[in-house]
Amino acid sequence: MAIGAFAEGALADGGEGYSGRVTPFVVLSCVVASSGGILFGYDLGISGGVTSMDSFLKRFFPEVYRQSQMQDTKVSHYCEFNSELLTMFTSSLYIAGLVATLVAASITRRYGRRVSMLIGGTIFVAGSVFGGAAVNVPMLILNRILLGIGLGFTNQSIPLYLSEMAPPRYRGAINNGFELCISLGILFANILNYFVIKITAGWGWRISLSMAALPAAFLTIGAIFLPETPSFIIQHDGDTNKARILLQKLRGTTSVQKELDDLVSASNLSRTTQYPFRNIFKRKYRPQLVIALLIPFFNQVTGINVMNFYAPVMFRTIGLKERASLFSSVVTRLCATFANIIAMMVVDRFGRRKLFLIGGVQMILSQFTVGAILAAKFKDYEDMDNEYAYLVLITTCVFVAGFAWSWGPLTFLVPAEVCPLEIRSAGQSIVVAVVFLMAFVIGQIFLEVLCSIKSATFFVFGGWICLMTLFVYLFLPETKKLPMEQMEQVWSRHWFWKKIVGEKVEKKQANSGKTALSL
């Protein structure tokens with residue numbers, strides 16, 4: 001049998017023995033939680049937009065402004081925005097987020113998903129205030145650090161919350177709502193940047209930075225009224241009656257005993273694990289650790305954050321003017337948002353692997369095409385012809401659409417659903433930490449790399465996407481519709497991972513069978 005067929009790992013229809021449907025209560029709870037994605041997306045879109053505004057650059061980064069206005073004809077187009085201070089403003093958020101998410105893991109495990117959301121939303125509001133009131137670069141950096149701490153808490157807790165609240169059959173679609181909110185946040189930010197640039201007094205960037213407080217306040221207030229997840233209630237309180245009542249409300253049925261039994265079993269195992277970060281490195285959790293490390297790593301080396309927070313800068317680099325570059329970012333984000341909606345509709349039908357593979361091929365072709373156009377038509381000291389600049393824009397739209405229905409939403413979904421309860425918070429923290437670390441590294445070096453190797457930058461990204469697409473084909477099993485508490489069977493059926501965990505699962509199943517016969 002082909003390796004790909006083994007990797008696909010045909011599974012029985014998920015949630016066998018589970019009852020229920022998607023109720024208005026679970027939708028409302030997940031909508032409030034997913035709104036935390038708007039925080040992440042808004043920040044990605046705003047930071048790229050304001051760093052392309054002349055008024056913002058003139059006030060805080062005058063050297064970059066001078067180069068962008070072509071007052072120094074010795075500076076290559078590829079190097080116009082290359083500034084260590086500017087990249088520090090953009091990427092300092094991610095170091096703060098990396099540290100915060102490791103702290104958030106302990107809080108999420110001990111005090112619940114809601115508490116982490118509340119902490120993250122509150123700190124994000126404070127950061128927005130400093131951004132809108134900034135009068136110097138240190139205030140801008142403090143703004144970024146506070147936003148990073150807020151995102152560290154929300155990005156760690158929200159995917160867990162969504163995965164644990166959703167019915168197994170629709171977990172992919174509901175969890176993808178987080179990525180849709182990220183995309184909407186970027187879209188709102190790009191639209192706002194496009195309109196505030198018209199403020200002739202030059203303070204429109206203050207509106208852009210301070211408006212981040214609105215989605216943060218919505219999440220913070222909404223989280224006060226959210227229920228905790230059934231998994232956490234059982235794990236923390238041991239109150240199965242309370243969990244049963246919540247499950248019945250979430251699933252819209254009284255037949256929840258099978259799901260409740262699985263949650264209790266997972267919780268009992270979780271209580272025996274005192275040190276999740278230490279235990280996730282054990283051999284039996286090797287597949288989950290590899291997924292938690294490599295999936296977010298590959299997410300970042302696609303080059304998506306280059307498109308997210310450097311898109312306006314990149315479009316200005318190739319010759320588009322200030323407003324045209326911001327409008328181009330709006331267009332690319334509309335394409336991504338539409339692709340996110342498609343992903344929500346098909347992820348539980350087609351599965352995770354197919355979306356990973358289709359999106360990977362789409363992104364490979366896009367990155368190589370952009371690199372080829374820039375290599376052939378973009379010179380160091382001459383603007384690119386408009387027709388080629390807009391061809392880059394179209395190709396970028398194809399790229400972000402491919403990411404938006406594959407690696408974007410699935411990066412947070414797949415690790416959250418494959419990690420058992422006892423290491424789930426640790427696994428999600430690793431995912432967010434890797435995302436933030438790689439976002440920092442790429443944000444810090446991209447402009448320098450672009451200046452140094454120019455169009456070859458996009459061929460490097462394309463090469464990484466080839467590698468990660470091969471990884472998915474060979475090593476990632478399908479997880480659609482399977483309950484999270486039964487996820488270990490995907491590893492025992494996989495051609496590679498069964499060598500590591502197969503024997504453990506088989507022994508556990510054999511012991512369960514003996515116990516059932518004795519009863």
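The values are calculated or read from the model by the stated rules, or taken from the named source; none is laboratory data. Everything numeric here is computed off the predicted structure, so don't read it as measured data. With ideal geometry, Cβ positions are generated from the backbone for all residues, glycine too; neighbour counts draw on all protein chains shown. These accessible areas exclude ligands, DNA and RNA; they are computed on the full protein's heavy atoms, side chains included. Shrake-Rupley method; radii C 1.70, N 1.55, O 1.52, S 1.80 Å.
Worth pointing out:
- For segment 426-473, accessible area per residue (1.4 Å probe, heavy atoms of protein chains only), Å²: 33 Å²
- Put simply, when 356-368, 197-209, 173-185, 115-127 are sorted by average Cβ atoms within 10 angstrom per residue, most first, you get 173-185, 115-127, 356-368, 197-209.
- For the chain, the longest principal axis of the C-alpha atoms and the axis of helix 407-418 are separated by about 20°.
- Label-to-label distance for Leu365 and Thr23 is 4.5 nm, based on points extended 7 Å past Cα in the beta-carbon direction.
- Charge dipole (debye, nearest 20) of the chain; +1 at Cβ of Lys and Arg, -1 at Cβ of Asp and Glu: 1100 debye
- Carbon and sulfur %, accessible surface of segment 444-488 computed with the full protein complex present, 1.4 Å: 71 percent
- Surface analysis of segment 174-221 yields an accessible area of 37 Å² per residue, using protein heavy atoms and a 1.4 Å probe.
- With each label modelled as a point 7 angstrom along the Cα→C-beta vector, the Phe195-Arg66 pair spans 3.6 nm.
- Tail beyond 40 Å, pair distance distribution of the chain (Cα, percent): 22 percent
- For the chain, the relative contact order comes to 27 percent (Cα pairs under 8 Å, sequence separation of at least 6).
- For Asn176, neighbours were defined as the other residues whose beta-carbon sits under 11 Å from its Cβ, and their charges (Lys and Arg +1, Asp and Glu -1) total 0.
- If you plug the beta carbon distance of Val331 and Ala375 into 1/(1 + (r/R0)^6) with R0 = 22 Å, you get a FRET efficiency near 0.40.
- Computed FRET value (nearest 0.05) for Thr254 with Ala217, which takes r as the C-beta separation and R₀ as 45 Å: 0.75
- Taking the longest Cα principal axis of the chain as reference, the axis of helix 36-50 is set at about 10 degrees.
- Proximal charge balance of Leu413 [Cβ under 15 Å; K/R count +1, D/E count -1]: +4
- Multiplying the residue separation of Val441 and Leu85 by 0.36 nm and removing their Cα-Cα distance gives an extension gain of 126.7 nm.
- Rounded tilt (10° steps) of 24-34 against the dominant C-alpha axis of the chain: 40 degrees
- Positive minus negative residues near Ser157 (Lys, Arg vs Asp, Glu; Cβ under 15 Å): +3
- Cβ-based charge dipole, the chain, positive-most Cα from Thr337, Ile158, Phe368: Ile158
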